[in-house]
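Everything below concerns the one structure shown next.
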Amino acid sequence: MELVELEKKRKMDIIIKSAIAAAYGAAVVVMESIPRNPVDTVDKDVLRNIILKRLYDGQEVNCFSHLRMSKAPFNELCGILRAKGFVCDTQSVSTKESVAIFLHILAHNTKFRIAGGTFIRSTDTISRHFNNVLNAVLRLSNDYIRLSGNREQHKSKWFTDSIGSLDGTHIDVTVPIEDKGRYRNRKQVITTNVLGVCDSNMKFLYVLPGWEGSTSDSRVLRDALERQDRFEVPTGKYYLVDAGYTNGQGFLAPYRSTRYHLKEWSSQDIMEQSSGKVGGRTERSYMHWTSEMDITLSNALLEQHSLGHKTPNGWKSVAFTAAMTALKDICGIETSKEKVMARLKTWNKYYIEVSAMLGTSGFGWDWQRNMVQVDSEEVWANYVKAHPSVKHYKDKVIVNWSDLAVLCGTDRATGSHAATATEMAKEIDAESMAEKTTNTQEQTRTGGEGSSRRRKRPVGADAVAVAIEKLADSVEKAAGGKSASNVDDIYVALAQMTNLDRGDFLKAMDILCHDNVKRDIFMRLPEDMKGVWLRMQFER
């Protein structure tokens, strides 16, 4: 009888506490569903609609000044994105507003927090819709920025087979402090080097962003010619390039040291002739570097590196002075700062190209002979076919290869973030497919209840029911957390212990029904240890 009364009293406590908690939860849900200031909420929606109508439905000058796009192409862009299913209207944000947020941030280099104040949206909403439109534009770019199709020749009679021009442009970026050395260009500005190719009508044919600002234009072009989504030049045609590139098949650059504007350079020609320059060209003396000279220069620069004489901007003057002194004292060679810098540039080229090879399957480094080691001729032939500029490395000895990692490895441009719009779109599609597959597997595992998206917050009666259910569970756990089945299990386990008298039986029921940890310990103990453990609890 005492056991039954105890159980009834416990259940009644749970029912009373659950009812109180449910009532409190319902009151909380109802209070939260009422806006704190209904007038402010209405004003925000009205004000946002006024701003948006003024942007893309108002005067032409407003749309262009804020979005850098007139109303007609803006509406056409929104229609294309909506028709292809890349951007859709949501419950609170329309396609036009999403595109307007995207264009406004790009046009004025606006931070998400500032854009949130402009469009009266949270930072999370601004970020989510900006990235959605960005991914959509990347997918759409392949329909407009492409090399295929009819490419008109240059209309000038001087460039009959020219089909366009290309150049690199530097765009300011913000990167972590440890990466600034690689992104600092020759003007000491943190930028990314972007290759752009246009036809004679100023329409983009190819764009490759992502290379570090310290990278030369010619290296970015070389990477574009070797990528999976590569830049190709039709046979017999060429593009006009500036002096940052070299003349070659498919590219026409101005000849170096040639004065195309004679009136502007007539006075300078006189100065060049008087200073020893003949025919517009400077007489250069080339230095042949031996293995002894390379080792001497490496040792001198390694010592200067340990002294902190290499900065993110390059080597200090004292480092070049020390290197020239070492070459004179050890090798008996008189040299100049320019020649040391030229050798460093050559080493940097070695390090970049050989590192790329060593990162490919089938290549290794022979530390005995100090040269590249290849598994087979087939591996070498396939690599040279894809990278013709490295064919001379097969038997080339680099005596200071172990030192180049210190001298050239730090802050070198890798182009790891470089990708065309087509390559980015493929990555986005692959990620979307992987996410869908994961969601499908999760739904299968959970019986269709799993979802990667955040569940919408229930409202009204559903919210009250959910709150009551959660609070009732919490109160039940706080009150002992024992269902009828758990109580029955405890009762059966204690009934099997013949050495317990009536008083100890009730004490054990009281302890185990109100302490989850002790109940779990008791249920997991062997039968011969349960009695000893209960006596220890009674003595406490």
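So which residues in segment 112-140 are among the charged types (D, E, K, R) and modelled with pLDDT under 90? R139, the sole residue that qualifies.
Only helices (runs of 4 or more DSSP H) whose full extent lies in segment 59-162 are considered here, and the ones with at least 1 residues that are under 23 Å from the mean Cα position of the chain (by Cα) and among the hydroxyl-bearing types (S, T, Y) are 95-108, 123-141. So for segment 189-212 (the condition being part of a helix (DSSP H, G or I) and of a type outside the set (F, W, Y)), does at least one residue qualify? No, segment 189-212 contains no residue that is part of a helix (DSSP H, G or I) and of a type outside the set (F, W, Y). Does any residue of segment 208-224 turn out to be open to solvent by 30 Å² or more (accessible area, probe 1.4 Å) and within 16 Å of the chain's Cα centre (by Cα)? Among the residues of segment 208-224, at least one is open to solvent by 30 Å² or more (accessible area, probe 1.4 Å) and within 16 Å of the chain's Cα centre (by Cα), which makes the answer yes.
For segment 306-335, the set of residues classified as open to solvent by 70 Å² or more (accessible area, probe 1.4 Å) and either touching a residue at least 24 places away in the same chain (Cβ under 8 Å) or part of a loop (DSSP other than H, G, I, E, B) (or both) consists of L307, P312, N313, K316, I330, E334, listed by residue number.
Residues checked against (1) at pLDDT below 75; (2) open to solvent by 80 Å² or more (accessible area, probe 1.4 Å); (3) closer than 30 Å to V137 by Cβ; (4) not hydroxyl-bearing (S, T, Y):
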| position | (1), (2), (3), (4) |
| --- | --- |
| E423 | no, no, yes, yes |
| D429 | no, no, yes, yes |
| R454 | yes, yes, yes, yes |
| M497 | no, no, no, yes |
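Taken over segment 521-540, residues that are under 53 Å from the mean Cα position of the chain (by Cα) and exposed (fewer than 11 other Cβ atoms within 10 Å of the Cβ) amount to 1.
The values are calculated or read from the model by the stated rules, or taken from the named source; none is laboratory data. In this text, all values refer to a predicted model and were calculated from it rather than measured experimentally. Cβ coordinates were reconstructed from backbone atoms using ideal geometry, including for glycine residues, and neighbour counts include every protein chain displayed. Note: areas computed on protein heavy atoms with side chains; ligands, DNA, RNA excluded. Shrake-Rupley method; radii C 1.70, N 1.55, O 1.52, S 1.80 Å.
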